[in-house]
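No lab work stands behind these numbers, since they all come straight from the coordinates. All figures in this text were calculated on a predicted structure; none of them were measured in a lab. Positions of Cβ are backbone-derived with ideal geometry, glycine not excepted, and every protein chain shown enters the neighbour counts.
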Ligand SMILES: [Zn+2]
């Protein structure tokens with residue numbers, strides 16, 4: 001899973017991996033993709049006093065122990081990628 005995604009894809013967003021480590025893409029457990037047409041707006045917010053993004057969401061973050069759903073559009077996945085309906089995020093792994 002996630003084999004289409006490379007360590008370089010992760011470096012573009014998350015920075016160069018520490019020496020002796022590389023990025024590996026794994027399914028982001030707290031994230032799920034959403035079907036098109038979800039009526040909620042992207043929850044991303046630029047900070048106090050700024051309005052929310054509000055664009056059509058593509059994924060939901062089940063946030064914290066309450067699993068409160070926060071939805072986000074494709075521009076605001078914080079570098080995560082969607083492959084075959086699964087949200088992937090990079091983790092640092094030691095080179096073998
Ligand atoms: Zn957004």
* So residue 79, is it within 25 Å of residue 16 (Cβ to Cβ), surrounded by fewer than 17 Cβ atoms within 10 Å (Cβ to Cβ) and touching a strand residue (DSSP E or B) at 6+ places or on another chain (Cβ under 8 Å) -> yes
* Applying the selection to the stretch 20-69, what residues are in a strand (DSSP E or B), within 13 Å of the chain's Cα centre (by Cα) and more than 11 Å from the ligand (Cβ to nearest atom)? -> 25, 26, 27, 31, 32, 33, 60, 61, 62, 63
* To do: List every residue pair whose Cβ atoms sit under 7 Å apart, with the two residues 6 or more apart in sequence or on different chains, where the first one lies in the stretch 71-86 and is farther than 13 Å from residue 43 by Cβ and the second, anywhere, is within 11 Å of the ligand (Cβ to nearest atom).
  => 74/58; 82/58; 82/59
